[in-house]
Amino acid sequence: MSVHIGAKPGEIAERVLLPGDPMRAKWIAETFLEDAVCYTQVRGMLGFTGTWQGHRVSVQGSGMGMPSASIYTHELINEYGVKSVIRIGSCGALAMDLNLGDVVAAIGSATDSNMNRSRFDGLIDYAPVADFGLLRTAVDVAEAQGVPMRVGPILAADAFYTDRPDLYDALALYGVLAVEMESAAIYTIAARYGAKALTILTVSDHIKRGEAMEAAQREQGFSNMVRIGLNTITAGA
Ligand SMILES: O=P(O)(O)O[C@H]1O[C@H](CO)[C@@H](O)[C@H]1O
Ligand SMILES: O=c1cc[nH]c(=O)[nH]1
């Protein structure tokens, strides 16, 4: 096992979906995967391996925020040989033409996190971006599924509750679609260690309009996103 994942060598697939919420990992494993087996319960951050249409896939909770997501991304790639990860998350929309339940793929991720500033001594504003191949596949998969998927930049924020909504307004002026809390770290760590990463999100809240999804809406919206994630990560397998 690694420090934070209780799997034995070989128990985790090379392709991993990464929801923030460990209970979403359980729901995905139980709802979509065949023969799913739980390989870790360390800190309650559940992980499962099963098959999707005959292809081996794992789904691992990554927690909330970049410090937590960094730990899981680092250990999956460096301790378990994971080659590609797709974050499957919820987000708050900034763009006025996004609605609750819409699916967003993050081409790149602005961040207010200090993690990358300290990596580059504050001298470079590194641009965390999605793997182009995964993104291109996801666009094709979403189209084939008939699910409209918006592709654009997002913000990975350290704080869920912000004192600076004016900064969100400014980011929206620059085309930033939505806010979540992990993508910049996942993109950066995947790039650093030679793995592929993508973030696909469902709009659970509209930050500017003050709207939030009902529980029933979440399940349907999240199902579209999970199928896009599974079909994308197993494409060409
Ligand atoms: O739905 P998940 O994947 O947890 O993602 C979003 O939800 C959490 C905040 O409620 C943060 O982790 C944010 O990024
Ligand atoms: O508003 C939101 C909704 C989901 N996730 C976030 O980080 N913010």
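What follows draws every value from the coordinates through simple rules; no lab data is involved. The structure presented is a predicted model; accordingly, all values stated were derived computationally and were not measured. Neighbour counts run over all protein chains shown; Cβ positions are idealised from the backbone, glycine included.
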(message) If I ask for residues that are under 16 Å from the mean Cα position of the chain (by Cα) and either among the β-branched types (Val, Ile, Thr) or away from ligand 1 (no atom under 16 Å from the Cβ) (or both), which ones from segment 143-164 would you list?
(response) Met149, Arg150, Val151, Gly152, Ile154
(message) As an exercise: evaluate Asp140 against (1) in a helix (DSSP H, G or I); (2) within 16 Å of ligand 1 (Cβ to nearest atom); (3) over 18 Å from Gly210 (Cα atoms); (4) out of contact with any Ser or Thr (no Cβ under 8 Å at 6 or more places or on another chain) and give the number of the one condition it does not meet.
(response) (2)
(message) Going residue by residue through segment 155-164, is there one that turns out to be assigned to a strand (DSSP E or B) and under 15 Å from Val104 (Cβ atoms)?
(response) yes
(request) Quick one: Ala110 ticks every box in (1) part of a strand (DSSP E or B); (2) surrounded by 21 or more Cβ atoms within 10 Å (Cβ to Cβ); (3) within 16 Å of ligand 2 (Cβ to nearest atom) except a single one, so which number is it? (result) (2)
(request) Mind listing just one residue for me: the one in segment 181-206 that is within 12 Å of ligand 1 (Cβ to nearest atom) and either acidic (Asp, Glu) or assigned to a loop (DSSP other than H, G, I, E, B) (or both) and, of those, nearest to Leu98 (Cα to Cα)? (result) Asp205
(request) Mind listing just one residue for me: the one in segment 168-180 that is in contact with a strand residue (DSSP E or B) (Cβ under 8 Å, 6 or more places away or on another chain), over 7 Å from Leu155 (Cβ atoms) and not in a loop (DSSP other than H, G, I, E, B) and, of those, farthest from ligand 1 (Cβ to nearest atom)? (result) Tyr168
(request) Count, please, the residues in segment 165-185 that happen to be within 16 Å of ligand 2 (Cβ to nearest atom), of a type outside the set (D, E, K, R) and more than 19 Å from the chain's Cα centre (by Cα). (result) 5
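Considering only segment 2-54, give the strands (runs of 3 or more DSSP E) lying wholly within it that have at least 3 residues that are surrounded by fewer than 20 Cβ atoms within 10 Å (Cβ to Cβ).
On the way: elements: 15-19, 34-40, 47-52.
Once the strands (runs of 3 or more DSSP E) in segment 2-54 are filtered for at least 3 residues that are surrounded by fewer than 20 Cβ atoms within 10 Å (Cβ to Cβ), what remains is 34-40.
Restricting the search to segment 60-96, which residues are within 9 Å of ligand 1 (Cβ to nearest atom) and in a loop (DSSP other than H, G, I, E, B)?
Here is the first cut: in segment 60-96, the residues within 9 Å of ligand 1 (Cβ to nearest atom) are 61-65, 68-69, 87-92.
Gly61, Ser62, Gly63, Met64, Gly65, listed by residue number.
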